[in-house]
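Each reported figure results from applying straightforward, stated rules to the coordinates on display, with no laboratory input. As the structure is a prediction and not an experimental result, all values here were calculated from the model. Note that we place each Cβ from the backbone using ideal geometry, even for glycine, and neighbour counts take in every protein chain shown.
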Amino acid sequence: MGSYSARLYVCPSKHKTTEMKQIILMAISIVTLCVQSIYSQSKTEELSETFEKMIPDLMEQHHIVGLNMAIIEKGNIAFKESFGYANKEEKIKMDLNKGFNIGSISKTFTAWAVMKLVEQGKITLDAPVWDYVKKWHVKPSQFNADKITVRKLLQHEAGLSLHGYDGYLPGADLPTLEESLSGNNVKKQVVELIMEPGTKWQYSGGGYTILQLMIEEVSGMSFEVFMKKEIFTPLKMKHTSFTINKKIQKNSATGYDKNGASLPLYRFTAKAAAGLHTTLEDMLKFIYAHWSDNPVLSKESIAIMTKGSDLSKGDYGLGYMIMGRFGFEIVGHGGSNDGWEAGFMCNIESKSAFIILTNGSDGEKLMFPSLKTWANWKNNLKK
């Protein structure tokens, strides 16, 4: 009896105790992950329900015919949906592969091209742009044009005129880059030096046209070809182009004005500032490149681009808008042309992003409420 009792109450070995603790900790971790997953799924469903109710109402209010939108959270798709029509006259429903003009988001891609040339050792950010641009020069003025550097052009701190561009009707004769910069065209959109470079932040689409010319001269390729070869193809963005060919036209949504009337797909000489056409699926690939290893730019280059300058009070970097008013920093850009409104913003640290593409001139009236809804949802995830 005594020997039986001794065997019954013998203490477990240290090895078995450690093993049991590990099993318990593992079980707790699994339960915690399950709870977090259920919570996250619940929050994601809540976001989807909010958007599916909110967006159609805003579309109707502001004559927005269609849109594509996606939300990324922790590297995963939390929401991705199409709304409305790609072409309301022909009753063609919007789908995730439809093409959109994205206006000034073109500048962000142009900035990637410039940084690609920097990484290749072909240009220097703080060199005068005239070291590389020989085909055109800004007209003489009381200000020092030699202070116009590549960096200042990217940051909108070069002291130049011309905020943005009007497009040209399909079939119209487009001016050359040099003609456009000089204002020798139908639109009379001249780029001039109107203040001392490096003294004030002033948005200038004209500055990006100078960068477009620089890319062509340095690379020896047309801007469109360089962008395809060095940016779009490596990122597998097969439906993104600065060339409006038959393939792009066939896949494109139709743009609509503020009253819901259809518009033609305008063309641009100033492609670097406003001419890019893309899809939501391709934009997602571009977003992922911000925090994943990509074949185009290093993480160090992206970090330089997404840091705000002093003159912009931290609100603009190299081709990126920067906002911190939502409780976390987001970087990206907005784009607006007649018939189109688009925006993308991402928080690189948390691998999260917001993308919206609309085929309506008043799309910003839907974009900003949606952006705020996403930010509030993201902040609630932390609670």
From the list Met221, Met227, pick out the single residue that is within 17 Å of Ile123 (Cβ to Cβ), out of contact with any Gly (no Cβ under 6 Å at 6 or more places or on another chain) and without any contact (Cβ under 8 Å) to a residue 12 or more places away in the chain.
Met221
Condition first: assigned to a loop (DSSP other than H, G, I, E, B) and surrounded by 17 or more Cβ atoms within 10 Å (Cβ to Cβ). Now tell me which residues in the stretch 305-316 satisfy that.
Thr306, Gly308, Ser309, Leu311, Ser312
Quick one: would you say Ser292 is among the hydroxyl-bearing types (Ser, Thr, Tyr), assigned to a loop (DSSP other than H, G, I, E, B) and under 30 Å from Lys134 (Cβ atoms)?
no
Of the conditions (1) surrounded by fewer than 22 Cβ atoms within 10 Å (Cβ to Cβ); (2) part of a strand (DSSP E or B); (3) of a type outside the set (S, T, N, Q), Val331 satisfies every one except a single condition; which number is it?
(1)
Please count how many residues of the stretch 173-221 are within 17 Å of Ala273 (Cα to Cα), part of a helix (DSSP H, G or I) and not acidic (Asp, Glu).
15
Show the residue pairs meeting these rules: Cβ distance below 9 Å; 6+ apart or different chains; first residue within the stretch 285-309 and without any contact (Cβ under 8 Å) to a residue 12 or more places away in the chain; second residue assigned to a helix (DSSP H, G or I) and surrounded by fewer than 20 Cβ atoms within 10 Å (Cβ to Cβ).
Asp293/Lys299
What are the pairs with Cβ atoms under 7 angstrom where one residue, in the stretch 44-64, is closer than 23 Å to Gly255 by Cβ and the other, located anywhere, is assigned to a loop (DSSP other than H, G, I, E, B) and among the small types (Gly, Ala, Ser)? Sequence gap at least six, or different chains.
His63/Gly260; Ile64/Gly363
Under the condition of being surrounded by 19 or more Cβ atoms within 10 Å (Cβ to Cβ) and hydroxyl-bearing (Ser, Thr, Tyr), which residue from the stretch 268-304 is farthest from Thr176 (Cα to Cα)?
Thr279
Are any residues in the stretch 100-158 acidic (Asp, Glu) and either assigned to a loop (DSSP other than H, G, I, E, B) or touching a Gly at 6+ places or on another chain (Cβ under 7 Å) (or both), and if so, which ones?
Asp126, Glu157
Do you know which residues across the stretch 61-75 are within 17 Å of the chain's Cα centre (by Cα) and part of a strand (DSSP E or B)?
Leu67, Asn68, Met69, Ala70, Ile71, Ile72, Glu73
Can you tell me how many residues in the stretch 236-267 are without any contact (Cβ under 8 Å) to a residue 24 or more places away in the chain and either crowded, with 21+ Cβ neighbours inside 10 Å or part of a loop (DSSP other than H, G, I, E, B) (or both)?
3
Scan the stretch 72-103 for residues that are closer than 19 Å to Asn337 by Cα and either without any contact (Cβ under 8 Å) to a residue 60 or more places away in the chain or hydroxyl-bearing (Ser, Thr, Tyr) (or both) and jot them down.
Tyr85
Sole exception among (1) buried (at least 22 other Cβ atoms within 10 Å of the Cβ); (2) small (Gly, Ala, Ser); (3) over 19 Å from Gly339 (Cβ atoms) for Ser106, by number
(3)
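Yes or no, residue by residue, for (1) within 17 Å of the chain's Cα centre (by Cα); (2) farther than 21 Å from Leu276 by Cβ; (3) surrounded by 18 or more Cβ atoms within 10 Å (Cβ to Cβ); (4) basic (Lys, Arg):
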residue: Phe344; (1), (2), (3), (4): yes, no, yes, no
residue: Ser370; (1), (2), (3), (4): yes, yes, yes, no
residue: Ala375; (1), (2), (3), (4): yes, yes, yes, no
residue: Lys378; (1), (2), (3), (4): no, yes, yes, yes
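To keep it simple, each residue is scored yes or no on (1) touching an Asp or Glu at 6+ places or on another chain (Cβ under 8 Å); (2) free of Cβ contacts under 8 Å to residues at least 12 places away in the same chain; (3) crowded, with 17+ Cβ neighbours inside 10 Å; (4) not β-branched (Val, Ile, Thr).
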residue	(1), (2), (3), (4)
Tyr132	yes, no, yes, yes
Lys152	no, no, yes, yes
Leu160	yes, no, yes, yes
Leu169	no, no, no, yes
Ser182	no, no, yes, yes
Val190	no, no, no, no
